[in-house]
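**Q** Before I ask anything, let me first share the structure, which is written out below as structure tokens.
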Amino acid sequence: MSWTRRPFAAAVCVLLLAGSAGCGSGDAPEGGASPAPVGKILEDRDPEGRPYREVGQEGAPGIGIEVQPDAAGGWGVRLSVRNFRFSPAGAAARPVAGRGLARLFVDGRPVARLRAPAYRLDTRLVPRGTHRVTARLYADDGTVWVVDGEPVESTADITASEPGPGTTPDPASRRKARTQGTDIGGRGSPGGAGGAS
């Protein structure tokens, strides 16, 4: 009885070892080739040194931004995206077509990484005067999504003002929003009101 079990157990071990040596991780297609790359890495980089990843116009991600004053004295930022989904925190650092996060900039300074379409911008980040609020799309590996050589981003101009003499300092009198969505990023950006996808 024990003689018949040993060869069978040895045969199972050999099959398991041989099978696992011939199995891939599931990420690479047969023949050892790596998966098709997403877009093309360009030599251009954003102001922080992150490389541009260009994709074609068809099915390219797009973004729009709207910034409005809120009742608490800050600014409500609302993003609208097209052909793009926000990746959850902890997503693998690899590019996936139409996925990633948005980075928010005020006057060119990074202020937030967004994994959702809404954000509250604190008043300390927007002192008195006119400011440019920009949202730019990034892949999960940190590369900038680009269409026609331009980053997929959208910008809104806002103006924060102080109350005049003798006025009540409520949120409405402290500032006024002059939000002008300017789409930057070639034809890959939605025209202001893109639908989420």
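The values are calculated or read from the model by the stated rules, or taken from the named source; none is laboratory data. All values reported here derive from a predicted model rather than from experimental measurement. In this analysis, Cβ positions are derived from the backbone assuming ideal geometry, glycine residues included, and neighbour counts consider all displayed protein chains.
**Q** Only one of R136, R124, R132 is surrounded by fewer than 18 Cβ atoms within 10 Å (Cβ to Cβ) and either in contact with an Asp or Glu (Cβ under 7 Å, 6 or more places away or on another chain) or at pLDDT 95 or above (or both); which?
**A** R132
**Q** Sticking with this structure for a sec: Restricting to the range 137-157, count the residues that are part of a strand (DSSP E or B) and under 15 Å from I63 (Cβ atoms).
**A** Number of matching residues: 12.
**Q** Failed condition for D107, given (1) out of contact with any His (no Cβ under 7 Å at 6 or more places or on another chain); (2) touching a residue at least 12 places away in the same chain (Cβ under 8 Å), with all others met?
**A** (1)
**Q** Being surrounded by 16 or more Cβ atoms within 10 Å (Cβ to Cβ), in contact with a helix residue (DSSP H, G or I) (Cβ under 8 Å, 6 or more places away or on another chain) and either at pLDDT 95 or above or under 30 Å from A135 (Cα atoms) (or both) is true for just one of V106, V38. Which residue is that?
**A** Residue meeting the stated conditions: V106.
**Q** Further question on the same structure: Of the residues that sit in the range 139-176 and are hydrophobic (A, V, I, L, M, F, W, C), more than 16 Å from G64 (Cα to Cα) and surrounded by fewer than 24 Cβ atoms within 10 Å (Cβ to Cβ), which one is modelled with the lowest pLDDT?
**A** A172
**Q** Would you say A89 is more than 15 Å from V152 (Cβ to Cβ) and in contact with a helix residue (DSSP H, G or I) (Cβ under 9 Å, 6 or more places away or on another chain)?
**A** The answer is no for A89.
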